[in-house]
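> There's a structure below that I have some questions on.
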Amino acid sequence: DYGFNDAEEYFDNLWKDSVKITESDDYKERFLKVVEKETLIRKITPFEAYALVLKSYLDIFRGKDISQRLTEIFKENNYTPYTYQIDAIKQALGIVEQNNGVLIADVVGLGKTIVACALAYELKQRGIVIAPPGIIGDRSKSYGWNKYLEEFGLAKLGWQAFSSGDLKTVLDAVSAARDIEVVIVDEAHRFRNQNTKDYELLKNICMGKKVILLTATPFNNKPDDIFSLLKLFVVPKKSSITLSDNLEAKFYGFSNIFDRLSYVKKNFNSQDQKKRKKAIRYYSSTFGESNADIKRVDLHLRLIAKEIRDVIEPVIIRRNRIDLVENDQYRNDVKELSYIDDPMEWFFELTQEQSRFYDKVISEYFALPEDGGKFKGAIYKPYLYEQGKTPGDLEEKSSKEGNFYFIQQLNLYDFMRRLLVKRFESSFGAFEQSIKNFKKITEDVLKFVRKTGKYILDRDLLEKIFELDIDEIEEHLNEYAKKLESEEHKKNYKIYELEKFKKRDEFVSDIESDLNLFNKILRELEDLNIVKDDPKVKSLTEKLKDIINQPPFDGEPKRKAVIFTEYRDTVKYLKNILTKAFDNRVLVVEGVLNASILREIRKNLDASYKDQEDMYDILLTTDMVSEGFNLNRAGIVVNYDIPWNPVRVIQRVGRINRISKKVFNKLYIANFFPTEKGSGLVKSRDIAASKMLMIHKSLGEDSKIFDPDEEPTASNLYKKIQQNPDKSERESFYTTVYKEFEKIKKQCPDILERLKDFPT
């Protein structure tokens, strides 16, 4: 073997120069005993080695001890000191001490806020909390973060809660204070995009501080997204969480291969020859052969996901409900949680004409361009017309700036196309309003183009649009169109002169084509009477009345309902209809979460609130209430539009399933699906699955419902949408190891004694 002779010579020389340790027989015996029993020379069976590895792994997660005073604080504020939370606090203390930060990622409803406050108390340092404005609380300190800071004695230490919507103010406050040493970031997944101004501000706020990140959704993102969170407390090129200290290089490798394999999976069968060739080239460079085997791609993507989990394991605490059930230390804690029933199917019936229109909107009007979609979106991608390019031309050599505009504008067009598809699936009323908005914007642009021979694109809007709340996008576009009309041009506007366009006539005709498309859709909506006599709203009203009028089960209160939608326009559309149908017993959240609305939510839906009222049976809201609120007086979550990101379902259901206050033994979820009049259950499911697959295909990468290795078929998609969120989680590796070691201890009661003196 390589190096054997050198090693042998080295050993012989050491032996020649060796010195006798002792001549005493007694000392010799004791020395040999230590060597044979307590060093690596000790004989160990494979079984003992296996048990030792398991024990060593579990010992790492034991963490630091906590003060007796913390347990008293729990009891003083009527919090149960659940074992799984106490363990998380101990573990987090150890992680922060070693890595200067921790990612607390327990699933929604398990009390991350309490764990974070307890951790902050044990750190005994001044700090701040950065959280969405709706969950900060008010001066009365009766709810939100202000309440928790008061209860855990952190307010006395000077802790304050700040809005994540104004990070510049937070940075100024932190810079002025100079003694801020800890930063808690709630809903940290909002900062997964490191190419935003907010991320840069947050990074500066966290610099040199201990950082506690709270999120229930760390894994539903690309490698880059996870890395951006780690960089808030880990120095990328000097990290101690892996054997290789260069975390940046490791994640660059993850991202590179992830992006390539995702491209292969999406385009290896593409009708676009350039995309197909690129996919084959990526496959060949990864696997060394050109015949693409998608199963191999799927396996590789799964391995990447596992590697990422392994890398971040030293700094993350994540338990789900399965972990609590399967770990006998925590099993009693789970009794405080409700059982979530499998989602119910709520169908709404379309006439055959309405059904054909439904399909046409998805698979013809707003389909992907390569699938013949009629929506051109010319006003969102003028660079392509100026340069005479098509979407497939990105392969050609171009300037860095040119490619930037190319990609940025293509993304903007695709974003708008997908927005209209999702609005249509959400509600016919919201879709009609969006079409009217898009029509007005397109008319204004066309008028300006004809009048001036120029086209102006707001570069600020291009940069901001992907960070905006989904309901703010159309408002910003309308403002932009008004500025065009008034010829108010900012210095950051990009001015295109049509006479320089290689595809000038096509640019104008495509704008006209979109205008004609919008007019056609508005006529069809009116002819089909699908907004005024909305079958989806009818179904919602009927089903809700059945739920609300049900007599309560033994010992349970009346069941309230929360209706979630992604869009404010859908809330506005449903508001008057539901308020009338339910005698004004509908609490509507359609805009800013002001103090009055927050108070009404707590009084009518939070089972922990002292001064409860019963003025409302239904909460109608967007997802601004899906984070950080207790809505556990509600016993059902209604997803009015399909949550294409499964994490959203988990967040929504987590609002009504709180470990701190169990109200109902069983909780319900309802999803809406389109079908045709006269269809039975089996046929309705087939129709719904087919239409959902059309939408999924049209949304492309915007739909995160499938894992990278899953086959997107109609039946698989329907099952995914209808999946119980409690059953979508996997048992954590820690729980698997814990169960295995517990089994070994039962089989071999003396194993701990046998392992006691082994070196670790």
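> Given Cβ point charges of +1 (Lys, Arg) and -1 (Asp, Glu) and nothing else, what value in debye, to the nearest 20, does the dipole of the chain about its Cα centre take?
So the dipole magnitude of the chain works out to roughly 960 debye.
> For the pair SER24 and ARG296, what calculated FRET efficiency results from E = 1/(1 + (r/R0)^6), where r is the Cβ-Cβ distance and R0 = 60 Å, to the nearest 0.05?
0.40
> Let me ask another. Suppose we keep just the DSSP beta bridges with both residues in the chain; what percent of those would be antiparallel, to 5?
The answer is about 10 percent antiparallel.
> Further, regarding this structure: Find the all-direction average of the projected area of the Cα convex hull for the range 518-656, expressing the result in square nanometres with one decimal place.
Mean projected area of the Cα convex hull: 9.7 nm².
> Take the alpha-carbon centre of the range 261-324, take the same for the range 512-542, and report the distance between them in whole Å.
40
> Something else about it: For the range 14-135, take the alpha-carbon Rg, divide it by the Kirkwood Rh, and send me Rg/Rh.
Across the range 14-135, the Cα-based Rg/Rh ratio is 1.25.
> Between their Cα atoms, which of LYS306/LYS743; LYS124/LYS739; LYS156/LYS222; LYS265/LYS720; LYS64/LYS197; LYS662/LYS746 are more than 29 Å away from each other?
Checking Cα-Cα distances, LYS124/LYS739; LYS156/LYS222; LYS64/LYS197; LYS662/LYS746 exceed 29 Å.
> Moving to a separate point now. When only Cα pairs under 8 Å and 6 or more residues apart are kept, what is the percent relative contact order across the range 1-153?
After rounding, I find 15 percent.
> Here is a follow-up. Based on the Cα gyration tensor of the range 223-314, what are the three equivalent ellipsoid semi-axes, each the root of five times an eigenvalue, rounded to whole Å and given largest first?
30, 12, 11
> Quick one: angle between helix 46-60 and the longest Cα principal axis of the chain, in degrees between 0 and 90, rounded to 10, please.
Orientation of helix 46-60: about 60 degrees from the principal axis.
> What's the FRET efficiency of THR390 with VAL682 using the Cβ-Cβ distance as r and R₀ = 56 Å, to the nearest 0.05? Present the calculation step by step, with values, prior to reporting the outcome.
On the way: r = 43 Å, r/R0 = 0.77.
Here the calculated transfer efficiency is 0.80.
> Still on this model: Order these peptides, 571-583, 281-293, by their mean beta-carbon neighbour count within 10 angstrom, highest first.
Output ranking for 571-583, 281-293: 571-583, 281-293.
> Starting at the first residue of the range 141-154, write each ³J(HN,Hα) from the Karplus equation 6.51 cos²θ - 1.76 cosθ + 1.60 with θ = phi - 60°, in whole Hz, x for Gly and Pro.
Once rounded to whole Hz, the list reads 6, 9, 7, x, 4, 4, 5, 5, 4, 5, 5, 8, x, 7.
> Assuming 0.36 nm per residue, please report the length gained on full extension of the stretch ARG281 to ASP533 beyond their Cα-Cα distance.
Here the answer is 85.5 nm.
> Related question: Determine the relative contact order of the chain: mean sequence separation of Cα pairs under 8 Å and six or more apart, normalised by residue count, in whole percent.
Contact order relative to length: 15 percent.
> Which cross-chain or sequence-distant (5 or more) residues have an amide H under 5 Å from the amide H of ASP641, H modelled 1.01 Å from N in plane?
GLU566
> What do you get for the angle between helix 112-123 and the principal long axis of the chain? Use alpha-carbon atoms, 0 to 90 degrees, nearest ten.
The angle comes out near 40 degrees.
> Apply 1/(1 + (r/R0)^6) to the Cβ-Cβ distance of GLU76 and MET344, taking R0 = 56 Å, and write down the FRET efficiency to the nearest 0.05.
0.85
> Expressed as a whole percent, how much of the Cα-Cα distance distribution for the range 324-388 exceeds 17 Å?
71
> Nearest 10 degrees is fine. How inclined is helix 83-99 to the longest principal axis of the chain, computing both from alpha carbons?
That helix lies at roughly 80 degrees to the long axis.
> What are the residues whose amide H is under 5 Å from the amide H of PHE348, where those residues sit 5 or more places off or on another chain and H is modelled from the backbone?
So PHE348 has HN proximity to PHE673, THR675.
> Sort 667-674, 72-79, 317-324, 196-203 by the packing proxy (mean of other Cβ within 10 Å over each peptide's residues), most packed first.
317-324, 667-674, 196-203, 72-79
> Can you tell me how much longer the chain between GLN352 and GLU526 gets when fully stretched, taken as 0.36 nm per residue apart minus their C-alpha distance, in nm with one decimal? Spell out each step's value before the answer.
Values: separation 174, 0.36 × 174 = 62.64 nm, distance 1.58 nm.
Once the chain is fully extended between GLN352 and GLU526, it gains 61.1 nm.
> So what does the Cα-only Debye profile of the chain read at q = 0.05, 0.06, 0.10 Å⁻¹, as log10 I(q)/I(0), no solvent term?
-0.31, -0.45, -1.18
> Could you order peptides 254-262, 610-618 by the average number of other Cβ atoms within 10 Å of their residues, highest first?
Packing proxy ranking, top to bottom: 254-262, 610-618.
> Shifting gears a bit: What trypsin sites (Lys or Arg not before Pro) in the range 116-164 are in a loop by DSSP, with at most 13 other Cβ atoms within 10 Å of the Cβ?
Details: sites: LYS124, ARG126, ARG139, LYS141, LYS147, LYS156; in loops: LYS124, ARG126, ARG139, LYS141.
Sites meeting the loop and neighbour criteria: LYS124, ARG139.
> Which distance in Å, rounded to a whole number, links the C-alpha centroids of the range 605-668 and the range 374-388?
Cα centroid to Cα centroid, the span is 43 Å.
> Select from TYR640, VAL625, VAL653 the residue farthest towards the positive end of the dipole of the range 580-664; place +1 on Cβ of Lys and Arg, -1 on Cβ of Asp and Glu, and compute about the Cα centre.
Of the options given, the answer is VAL653.
> When the chain is fully extended, how far beyond the present Cα-Cα distance does THR452 get from LYS545, taking 0.36 nm per residue of separation?
Roughly 27.8 nm would be gained on extension.
> So, one more: I need the GluC sites (Glu not before Pro) found in the range 316-380, filtered to DSSP loop residues with at most 15 other beta carbons within 10 Å of theirs.
Of the GluC sites (Glu not before Pro), the ones in loops of the range 316-380 whose Cβ has at most 15 other Cβ atoms within 10 Å are GLU336.
FYI, it's all coordinate maths here, none of it is from the lab. Note that the structure is predicted; figures quoted are calculated from it, not measured. Every residue, glycine as well, gets a Cβ built from its backbone with ideal geometry; the counts of neighbours run over all protein chains shown.
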